[in-house]
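Colleague: I have a structure here, written as structure tokens, and I will follow up with some questions on it.
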Amino acid sequence: MGNQLFQQARESVAYASSVASGAVQGDKHEAIMKAKNALSSAFVNSTDAERAQLREFQQTIESI
């Protein structure tokens, strides 16, 4: 059983990236905000390794 908040953050970032690239229809601003919220929630109970990946996800969101 994995960290559910981490998984949600990963999925939210992937979705926001897809919306930003035009691969998926959706509201870019809303997708980015949801991803940022998911990342923030995931940081609380994550391991060091997960936090390192979450920082990479954050960089992805910041570059959109």
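Colleague: Within region 38-64, can you find the residues that are part of a helix (DSSP H, G or I), free of Cβ contacts under 8 Å to residues at least 24 places away in the same chain and open to solvent by 90 Å² or more (accessible area, probe 1.4 Å)?
Modeller: Asp48, Arg55, Glu56, Gln59, Glu62
Colleague: Also: Could you grab me the full set of residues in region 12-30 that are under 23 Å from Gly2 (Cα atoms) and without any contact (Cβ under 8 Å) to a residue 40 or more places away in the chain?
Modeller: Ser12, Ala14, Tyr15
Colleague: Can you pull out the residues in region 1-11 that are free of Cβ contacts under 8 Å to residues at least 40 places away in the same chain and open to solvent by less than 90 Å² (accessible area, probe 1.4 Å)?
Modeller: So the first thing to find is which residues in region 1-11 are free of Cβ contacts under 8 Å to residues at least 40 places away in the same chain, and the list is 1-2, 4, 7-8, 11.
The answer is Gly2, Gln7, Gln8.
The values are calculated or read from the model by the stated rules, or taken from the named source; none is laboratory data. As the structure is a computational prediction, the values presented were derived from the model and not from experiment. Every residue, glycine among them, receives a Cβ derived from its backbone with ideal geometry; neighbour counts consider all protein chains shown. Each accessible area value is taken on the protein alone, full model and side chains, heavy atoms only, with ligands, DNA and RNA left out. Shrake-Rupley method; radii C 1.70, N 1.55, O 1.52, S 1.80 Å.
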